[in-house]
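The values are calculated or read from the model by the stated rules, or taken from the named source; none is laboratory data. Quick caveat: nothing in here was measured; it's all calculated off a predicted structure. A quick note on method: Cβ atoms are made from the backbone with ideal geometry, for glycine too, and the neighbour counts reach across all protein chains shown. Ligands, DNA and RNA are excluded from the accessible area calculation, which covers all protein heavy atoms including side chains. Shrake-Rupley method; radii C 1.70, N 1.55, O 1.52, S 1.80 Å.
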Amino acid sequence: MNPANPPFESLLQQRLKASETFKVYQEAFRTATGLPLQFSGIDFEDRCVELGTIGTAELCEALNLCKSSCYACVDTNRRLLEEAEVKGPASCHCFAGLVSSAIPVRFRDSIIGYLKTGQVFTSQPTEEAFAMLLEKIGRNGMDPPTIDLLRSTFFQTRAVEPIRYASMIFLLQSFALQLGQQAETLAVQGRKEEPASVGKARVFIEQHLAEPLGLTTVARVAGLSESHFCRIFREVTGQTMTDYISRRRIELAKKALMNADARVSCVAFDVGFQSISQFNRAFTKVTGMSPTRWRAQQCS
């Protein structure tokens, strides 16, 4: 599987990557942790972290001299993104023993990119581990200067305790959520001027979010046929009416869930969902996690 961003999502990812918000956080993260931070698209054929990114491990630069290691790096990136696509933030070790991580950045129901970091050991490098690395990349075909370069960079590579590394990834999870929210703002700013019919529909939806909202009713308020309304609404908002209503209800639910005493079931019905299972599915689809987990993360 190798997905490609639809043009709109791809454009959002590029705008976020070029934003001052990302650049400031990238520099702050690198300064605080010493690790590289990259915001990449969803191409499974990329490397884990592109060479040339500030903070890239010198060992990775040295391994780039070996063609087989390039293929192995792409394979590691593929495994990493496949896991992150399904489970959320993911980490895995490459053939050299370095850990890399990917944190998905979501816009509505889609992943538009990944925050990537890593290229460190999670335990101190050893002679045995270095010998295994040479075997994997074929030491018989290497000259002594190349082996010396690999040795020096291997043992100079940082080792970060797993518990500390996990804390760094947790910071990036919060930043990924912020980027997702900023993507929503950029999407709103970039859409075409809103027709009066869609404006009427959005106002009506906002006023009746806690109530059942059917297509027939909303289209009538907009003064359009159901088919025409569906087409215009999606063109302007980038979403179907059902998805739009669901996301608006989720935004209300997020505010209510910040109250630690509020029961999840009560919040679900208060914002307009007809069942707990429907609420849990919608919330997970939008945020990538359950309401309970999301609240625990926000209130920790």
Which whole-number percent gives the relative contact order of the chain, counting Cα pairs below 8 Å spaced six or more residues apart?
14
Once all protein chains are kept in place, Thr122 shows an accessible area at probe 1.4 Å, nearest 10 Å², of 40
Amide proton proximity set for Val105, modelled H, under 5 Å, gap of 5+:
Ile112, Gly113, Tyr114, Leu115
Heavy atoms of Asp148: accessible area, 1.4 Å probe, square angstrom to 10:
100
Once Rg and Dmax of the Cα atoms in Å is worked out from the coordinates, which option in [x] 23.3, 78; [y] 20.1, 69; [z] 22.4, 85 does it equal?
[x]
Enter the angle in degrees (range 0 to 90, nearest 10) between the Cα long axis of helix 127-137 and the first principal axis of the Cα atoms of the chain, meaning the one along which they spread out most.
80
Whole-Hz ³J(HN,Hα) from phi, Karplus 6.51 cos²θ - 1.76 cosθ + 1.60, for region 226-241, glycine and proline x:
4, 5, 5, 4, 4, 5, 5, 4, 5, 4, 7, 9, x, 9, 6, 4
Integer Hz, Karplus 6.51/-1.76/1.60 couplings in order for region 171-186, x for Gly and Pro:
4, 5, 4, 5, 5, 4, 5, 4, 5, x, 5, 5, 4, 4, 5, 5
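Would you please put 171-178, 151-158 in order of how densely packed they are, using the mean number of other Cβ atoms within 10 angstrom per residue and starting with the highest?
171-178, 151-158
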Radius 15 Å from Cβ of Glu27, net charge of other residues (Lys, Arg +1; Asp, Glu -1):
+2
Computed accessible area, Lys255, all protein chains, 1.4 angstrom probe, square angstrom
150
If each DSSP helix of 4+ residues adds -39,500 (n - 2.57) and the sum is divided by the residues in the chain, what number results at 222 nm, nearest 500 deg cm²/dmol?
-19000 deg cm²/dmol
Lysine pairs with alpha-carbon atoms under 23 Å apart, the chain, spacing 8 or more or separate chains
12
State, to one decimal in nm, how far the label point of Ile163 lies from the label point of Asn280, with both points 7 Å from Cα in the Cβ direction.
3.2
With x for Gly and Pro, the residue-by-residue ³J(HN,Hα) of region 92-105, computed from phi through the Karplus equation 6.51 cos²θ - 1.76 cosθ + 1.60 at θ = phi - 60° and given in whole Hz, is 7, 9, 8, 4, 8, x, 7, 9, 10, 9, 9, 10, x, 10
